[in-house]
Amino acid sequence: MLVGKNRSVRGRIGAIVFASIGVTLAGVLFAAAGNAVGLWTWPPQPSGPLGVACGVIGGLIVFFEMLILPRKWYRGKRLGRTRLWMQAHVWAGLICLPVILVHAGFGFGGPLTTVTLVLFLLVTFSGIWGLVMQQWLPQKMLEEIPGESIAAQLDRLGGSLADEAVRSVTALITVRPEEEAAEPVVSGSLAAELVAFRDAHLVPYLQEGARSKSPLAMPAEAEQRFARLREAVPPAARPTLDRLQELAELRRRWDKQGQLHFWLHNWLLLHLPLSVAMSALMVLHAVRAMKFW
Amino acid sequence: MPRSPSRDLSDRYIGRRGYFRNPDSLRRGKYALSAVAFLAVVGYAAIDVAQPQRVAYGHTHGPLANPHAAFDHNCDACHVPQGTADLFSPRLFNARARWHDLTCEKCHAGAGHHASVTDDAKQFHNRCSNCHHDHNGRLHSLVRIADTHCTQCHTDLAKHHSAELSKSGKPYQNKITSFVSDHPEFRSLDLAAKPRTLTFSHAVHMNPGQAYAPGGKEAMTLGRIKQLAGDAAAERYRKPGQGDDALVVLECASCHKLDPGIGTTEHEKLKAALDALSEPTRSLLPARPEGAYFLPINYEASCRSCHPLGAPAGSSAGKVVPGFDVPHRKQPADLLGDLKAGYLKGMIATNNPLVAVPAEPGGKIDAPPAAGGRTLAAETERLAQAAQRQLFSGDGCAKCHKTTGTDAGLRVSPIPDRTVWLRHAKFNHAAHRGATCATCHPGTAGAAISPVDAAKPEPVQIEGMQSCRACHSPQHTNVTLPDGTRASGGGVRHTCTDCHRYHHGDQPLQGRGGESWFPKEPRGLADWLKGK
């Protein structure tokens, strides 16, 4: 979700950092002000009225934050606008930080509460990190990756590119029955070299991208190899080689898209599992606290 | 019709339009990790429900102190569990108060708070955990608490204490913030309420031979002690190489015994001396090996060797009636019976003629037979009265004791129990044995003194608070020593609980074995381990 519409990437990230720190400081100052007028003690005690109230509020916020999960599962039900959900998710998450810090009395407590609080902090910071990534990487992808595709389908699309490359090279080294020519466009040792290049480097690269360890992953190396082939083959084969190079470049862009996509979403590998664990521990903590405190 | 560029892009997905239904590795990964995290927590919660002791460490704020170690994984042992109904109570938002719902009284007799505290303060003190904080590790002391627990009231005591309910009858200092800065002087040093009723001069007794001045004529020798109290008493005070003509030289420890304990050389010497006098030594010297306080001084153990109590020999019907020892701690009226019995016994033993006179018949028709005009009863009465007058004269009991009344109403003033002078604090003499006695007790050394001054009660020979602060103050604190010199504080501990104890504070000699420390219902071992 983009924060604002007309700001630069740096401006949006700055706004997030400012909002995170600002909301946290505002919450802490509020608690300090309450102490100054005698409403509660400082540092706030987790088991005092303010601490428990913050715990309840924080718990409700966490519960609301987790509702975004079923909202995603049932996105077809159109339970409110996605942007609205994300805005509420982000702001509630930021507000939750000072609330929980006050609830914890700026301490960690026992082992269970320590683990719960650490998970909460990790969830919060991973969320802020993810939000920052979302302000930066989509714009970068838009600018740097023409021909962007669906990240999850890149490997399958790579297979399509490989099929096209196989067909193109085959067309160069064979004579189709409907054609009148007696000789293929490329023949002899050159055809063998072309087939070897296709099978050893081009097709694996198109299918698997950078994972194939193909030299074509490096633009300079690819340019050099295609240039040498282009000089070696007859002029009639050069458009095909241009197309093959274009396919390799497309695959290279998809590799980069894959990398950016990974950084755009990898925080969720932390954010979601830790959110689930933290929420469950929070319930356990609440039950135990209610029983004995 | 030209082909749309978008068509090339969409054509890539021909046959796979539902691609979004098949998650990629990132999506699969986050859900798989979420499931693992959820199951792990659910497993932990299941153990928590089924076997709470196994995971109780997760909920505790820290290990319990050593005395409570058995309850480390058993919250119910001390905390009162809350029920479902409590969820709908306003107390829900006062979890701190719920947390204080403890059951300390199961094992601890709750000697309460000062009788003079206000209701609010009483409520505060009803919560043991307001001052005693557990869950701070095995070695954490539950009784060494921070000064703030005390100063929260003592910085403005009037708010938390009703002076009119104070048992001491004296106003307490309203503001005390620390031992070093504004702690008041020892209240025990003020003898206005209970003046001393015993005349004793340390100066005389610490002079060689217990003379009024060193080298005085009235010197006490070992031979004189042997004559008065026997060989064992003389041996008790004899130093190596001394003969019977040597002057008796007393030291502080000659009388002030720091709980020597049965079996020590000091104890055996004292016991031998007392056994020779047929005194109940075991009741006088109960085993108290802690050594915090000195044993009480008593006549039999410390005075009798030099100051024996005896009825003087008398004369009746031309015969001498021998003198005899009389017991200590008897008022004149009570002693009179002992004196009569003693003289009667002596008269019988010496075949006094009055003993041979037949007892008067039961009736009073005939005049009693006379023997020189006196009867046996009248003679014993005469001898006893004379002895009583002598005993309670200036050279007898009144040499040390103050008396009130005259004749039949004569009484010896009781001596206030001063075994513990600082009754609202604890002090361990054994812990301070590295210092000379005179460091804290000035004026107890030998010195020339006039008989008139020696016959006056001594002031309290305990140095004031400054002598404590010399060591018990933060390092580099400027402290003024009793002699007025300035010094840097010793840095020795100086918190409130280093000297004061709150519970049973008015019973300084009552330790943990005291009756008031016992719980109402002691538990069996199995129940105790389970915290039931």
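Every number in this text was worked out from the coordinates using simple rules, so none of it is lab data. Computed from a prediction, not measured in an experiment: that's the story for all the values here. Counting neighbours? That spans all protein chains shown, and the Cβs are built from the backbone with ideal geometry, glycine included.
Key figures
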item: Residue (of B:Leu165, B:Thr148, B:Thr118) at the positive-pole extreme of segment B:117-168, dipole from beta-carbon charges; result: B:Thr148
item: Gyration tensor over alpha-carbon atoms, chain A, equivalent ellipsoid semi-axes in Å; result: 60, 18, 16
item: Backbone N within segment B:448-463 under 19 Å of label point (7 Å from B:Thr436 Cα along the Cβ vector); result: B:448-449, B:461-463
item: Most positive-pole-ward Cα, B:Phe186, B:Pro414, B:Ala445, against dipole of the protein assembly as shown from beta carbon charges; result: B:Phe186
item: Calculated [θ] (222 nm, deg cm²/dmol) that DSSP helices of n ≥ 4 give over chain A, each run adding -39,500 (n - 2.57); result: -24500 deg cm²/dmol
item: Long-range amide H partners of B:Thr221 with built H, under 5 Å; result: B:Val248
item: Theoretical gain in end-to-end length, A:Val195 to A:Val283 [0.36 nm per residue, Cα-Cα removed]; result: 25.4 nm
item: Förster-model FRET efficiency, 25 Å R0, B:Val492 and B:Leu191, C-beta, rounded to 0.05; result: 0.30
item: Whole-Å distance, taken between Cα centres, linking segment A:125-153 and segment B:434-461; result: 92 Å
item: Peptide B:35-47, shielding by other chains (average Cβ, 10 Å cutoff); result: 4
item: Distant-in-sequence amide H partners of B:Tyr293 (H built 1.01 Å from N, under 5 Å); result: B:His429
item: Residue order, fewest to most beta carbons within 10 Å, for B:Asp24, B:Asp120; result: B:Asp120, B:Asp24
item: Separation between Cα centres of segment A:209-243 and segment A:161-176, rounded to whole Å; result: 15 Å
item: Extended-chain gain in nm, criterion 0.36 nm per residue less alpha-carbon gap, B:Ala408 and B:Val452; result: 13.0 nm
item: Estimated vicinal HN-Hα couplings, Hz - segment A:204-216 in sequence order (Karplus 6.51, -1.76, 1.60; Gly, Pro = x); result: x, 5, 5, 6, 10, x, 5, 5, 6, 6, 6, x, 5
item: Relative intensity, log₁₀ I(q)/I(0), of the protein assembly as shown from a Debye sum that treats every alpha carbon as a point, q = 0.06, 0.07 Å⁻¹; result: -0.70, -0.82
item: Extension gain (nm, one decimal) between B:Leu39 and B:Phe518, 0.36 nm per residue minus Cα-Cα; result: 167.6 nm
item: Dipole magnitude of the protein assembly as shown, debye to nearest 20 (Cβ charges: Lys/Arg +1, Asp/Glu -1, about Cα centre); result: 1840 debye
item: Exercise: per-residue mean of other protein chain Cβ atoms within 10 Å, B:22-33; result: 5
item: Cβ-Cβ FRET estimate between B:Ala526 and B:Asn298, R0 fixed at 41 Å, reported to 0.05; result: 0.35
item: Segment B:56-188 - charge dipole about Cα centre, Lys and Arg +1 at Cβ, Asp and Glu -1, debye rounded to 20; result: 140 debye
item: Overall dimensions of segment B:91-205 as given by Cα atoms, namely Rg and Dmax in Å; result: 19.2, 71
item: Interchain or long-range residues, amide H under 5 Å from B:Gly310's placed H; result: B:Val326
item: Axial C-alpha extent at least 15 Å, average Kyte-Doolittle at least 1.6 - helices from chain A (DSSP); result: A:49-66
item: Point-to-point label distance, B:His73-A:Met218, nm (Cα→Cβ direction, 7 Å offset); result: 5.9 nm
item: Radius ratio Rg over Rh of segment A:102-175, counting only Cα atoms, Kirkwood formula for Rh; result: 1.42
item: Rg/Rh ratio calculated on Cα atoms of chain B (Kirkwood radius); result: 1.24
item: Separation of the B:Asp395 and B:Asn66 label points, Cα + 7 Å toward Cβ, nm; result: 6.0 nm
item: Value of [θ]222 nm, deg cm²/dmol, for chain B, DSSP H segments ≥ 4, -39500 (n - 2.57) each, nearest 500; result: -8000 deg cm²/dmol
item: Separation of alpha-carbon centers, segment A:252-293 and segment B:203-244, rounded to whole Å; result: 90 Å
item: Charge dipole (debye, nearest 20) of chain B; +1 at Cβ of Lys and Arg, -1 at Cβ of Asp and Glu; result: 2240 debye
item: FRET E, pair B:His424, B:Cys104, Förster distance 22 Å, beta-carbon r, rounded to 0.05; result: 0.40
item: Exposure proxy order (Cβ contacts within 10 Å, fewest to most) of B:His432, A:His261; result: B:His432, A:His261
